[in-house]
Amino acid sequence: MSTHQRGRRAAAGADPEPPVTEHTPADPSCTRWSSTGLGASDAFAYWADVVCEAFVGVAVRPSRSVTFEGRIEASVLDGVGFASLASSPQHVVRTGSLIARDPEEVVLANIQLRGRARLEQSGRVAVLAPGTMAFVDSARPYDLDFADDFSQLVVKVPRTYLSHRSLRGATAVALSPSGPGRVVADFLVGLGRLRDHDPAAATALLPHAVELLDSALGWAAEGALPMTSAAALTRERIHQFVRRHAADHRLDAAAVAAGCGVSRRTLYRALAEDGDTLTGLVRKVRVSHAQRLVRAHPDRPLATVAQECGFGGEAQLYRAFRAVTGMTPGAYRAR
């Protein structure tokens, strides 16, 4: 069925077909959607489905009576989504019922490139102007209103990638285009462009992007640049060391402490200040790696995934995966 026929079915109230996607020949992981060529009654019905497929389940409606046009170009880099979109005015809402039907827990970093937007979540309101960045938590309702034509880069990060950073107070906070958040935003925009022509280089830089997003979440939560304590710096070294060496079956407190140049007592104390333990951190990092492997290689045996992620065996992977994600690796793969 063509996109035009599909849009006509949706507008007529028939069961909608999945959005028609276009994969770029040079990069099959890059998907493009566009409402160009659809009739006025079809374009928005098509777009509403596309937004849900590219991001999370939401209700979308046009902000005013206009000829609607929208396009999205999305790709996934080691589990992190990058989506560039340009569109006519619209109003986007994620409600509790939609969250129940689509429980995927991700953090969306919205970087405004053109036009303005109003974001509301958890009682806070952020106005996004060009160059501004703000975070959205998919696990809680939010309201996003675009009064005019706009373009954005949206970076979609699984919540487990940022598991050591609380989202409390960090969402719907505008990080100014004249502040340090702009450095993070520019890095993400550049990484998205690099992804198009040099995926290998972009993959190598991705861990730095995730760490920068962690920092930006902290700035948003505190409303200003945080005071960097010795414990915070130690904690960051610990996280980086664990991420680099999580696949090593011999990784333990002695190895991490030696690798970070601290005593085991300092190691435990630094993590405890963030409400974490070394065992919990290693487990979360290994499970996050397992999630990426399961998504990228759905036919790979779980015993092999367990080995590559540093688990002692498939049973250990199963227990850790369920403890962190609330589901088994098989259920996660099927979903």
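Computed from the coordinates by the stated procedures, all read-outs in this text should not be read as laboratory data. Everything numeric here is computed off the predicted structure, so don't read it as measured data. Counting neighbours? That spans all protein chains shown, and the Cβs are built from the backbone with ideal geometry, glycine included.
Here are the numbers for this structure:
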read-out	value
Percent of Cα pairs exceeding the 23 Å cut-off, where the set is the range 152-296	41
Angle between the chain longest axis and helix 181-197 axis [Cα atoms, degrees, rounded to 10]	80
Computed [θ] at 222 nm, helices only, for the chain once each DSSP H run of length n ≥ 4 contributes -39500 (n - 2.57)	-14000 deg cm²/dmol
For the range 82-196, fraction of C-alpha pairs farther apart than 24 Å, in %	21
Nearest-0.05 FRET efficiency for GLU69 and TYR268, computed from C-beta distance (R0 56 Å)	0.50
0 to 90° range, to nearest 10: angle between helix 40-54 axis and the chain longest Cα axis	10
Residues ASP145 and ARG300, FRET efficiency given R0 of 41 Å [Cβ-Cβ distance, rounded to 0.05]	0.45
Alpha carbon centroid spacing (whole Å) that separates the range 287-301 from the range 89-167	27
q = 0.23 Å⁻¹, the range 230-334: log10 I(q)/I(0) [Debye, one scatterer per Cα]	-1.13
Fully extended contour minus Cα-Cα distance, from ALA253 to ALA331, at 0.36 nm per residue	24.9 nm
At most 12 other Cβ within 10 Å, DSSP loop - trypsin sites (Lys or Arg not before Pro), the range 118-223	ARG168
Candidates GLN112, GLN240, GLN291, ranked by Gaussian network fluctuation over the chain, Cα under 10 Å, top entry	GLN240
Overall Cα dimensions of the chain, principal axis frame, Å, largest first	65, 46, 39
Residue exposure sequence - PHE82, PHE187 - by fewest surrounding Cβ within 10 Å	PHE187, PHE82
The range 197-286: trypsin sites (Lys or Arg not before Pro) in DSSP loop, at most 16 other beta carbons within 10 Å	ARG250
